[in-house]
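The block underneath contains the structure these notes are about, expressed in structure tokens.
The values are calculated or read from the model by the stated rules, or taken from the named source; none is laboratory data. The shown structure was predicted, so the numbers you read here are calculated from the model rather than taken from an experiment. Cβ atoms come from the backbone with ideal geometry, glycine included; neighbour counts cover every protein chain shown. SASA here: full protein model, heavy atoms, side chains in, ligands and nucleic acids out. Shrake-Rupley method; radii C 1.70, N 1.55, O 1.52, S 1.80 Å.
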Amino acid sequence: MVNIDAGGGDRLALAVLTQYRMATAEQLHVMVAPGARVEQTRRRLMKLHGEGLVDRVTLPRAGRTRGWFVTQYGAKIAEQWPELRGRPASRLVADRVIARRQAGPALTVTETALAFVQDARRRGDVCQPLDWIPKVNHSLGNEKALMPDALLYYRRQQADTKSGWSMLRAFVEVDGATTNPEHLAAKISAYERFYRYVPAPGGRQRAGALQTEAWRQRYPAFPRLLFVLDGTGPVSVDHRIRALKAGAGLAGRDFLRDVPLLATPLRDLLENGPSAPIWRPLTGLKQHAAWTDIPSG
């Protein structure tokens, strides 16, 4: 029988590893038990490992640092929980060789998520670990799909709203300089296709019913688009941002009006926090901005 101690954090730890592709013990510790000692999280992982729910690989060129990920059995258990129902399980379970090869990009995405979670805690906003959802499928029709590195939900304290809060959503792309700059910029056109995509009528369609864009069935406003750039120095970052600006220049005016497009180096994100004015708008003349300050829709 699986012994998942919900009150002690076992359940949240397994849920995070099911939803994310991979995390180190240190990353997971900050996610689920920041007020305790990291040894507690390491013991928790060993307990889950002993029950066959998670597995680990030793990372290349990282000493004895281990990357932890959920097993098929662990994912089967966790996907029954209400907090994960209907969400994709981003798991590396084919074999350890593949897991080790893909660990670098996966852990960079986890580190980016952690930056948003910690920033929200400091600011009194709300961004829980499970508010970062990797690899959510968005159909573009004809068996094509848009799959962001992550979909972010972020609740921000805002005194000028009736509830005192505003909900922000963002598609996040984390690029480790493994993608050609032109291919990276082409992602903007993929998001614009999703912005305009209207599914073909299916089943019994009411006569005269108005078809609308697919994204409106999921989001009250189209999520903003954030590019986080890692992997090389400032020259490469500037080159990729220029390519992204060129890609944005090909988009329609309505898309650019409704969807804030921003980019930042991962180094700036980790050093200053996501809420700092470190983001470079890909349209307009403004040089830097906070990602929360540019309204969407």
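Worth a mention:
- Of all residues making up the range 134-144, the number that are over 18 Å from LEU184 (Cβ atoms) and either open to solvent by 50 Å² or more (accessible area, probe 1.4 Å) or polar (S, T, N, Q) (or both): 5
- Neighbours by Cβ (under 8 Å, 6+ apart or cross-chain): first from the range 165-186, surrounded by 15 or more Cβ atoms within 10 Å (Cβ to Cβ); second outside any loop (DSSP other than H, G, I, E, B) and among the polar types (S, T, N, Q): VAL172/THR112; VAL174/THR108; VAL174/THR112; GLY176/THR108; ALA177/SER236
- Taken over the range 22-44, the residue count meeting the criterion of being under 10 Å from PHE69 (Cα atoms) and crowded, with 24+ Cβ neighbours inside 10 Å is 2.
- Odd one out for VAL237, checked against (1) in contact with a strand residue (DSSP E or B) (Cβ under 6 Å, 6 or more places away or on another chain); (2) β-branched (Val, Ile, Thr); (3) modelled with pLDDT of 95 or more: (3)
Residue by residue, here is whether (1) outside any loop (DSSP other than H, G, I, E, B); (2) of a type in the set (Phe, Trp, Tyr); (3) under 16 Å from ARG96 (Cα atoms) holds:
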site	(1), (2), (3)
LEU14	yes, no, no
HIS29	yes, no, no
GLY35	no, no, no
ARG42	yes, no, no
MET46	yes, no, no
ARG56	yes, no, yes
TYR73	yes, yes, yes
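- In the range 45-69, the qualifying residues are those that are in contact with a helix residue (DSSP H, G or I) (Cβ under 7 Å, 6 or more places away or on another chain) and exposed (fewer than 15 other Cβ atoms within 10 Å of the Cβ), and the one that is modelled with the highest pLDDT is GLY52.
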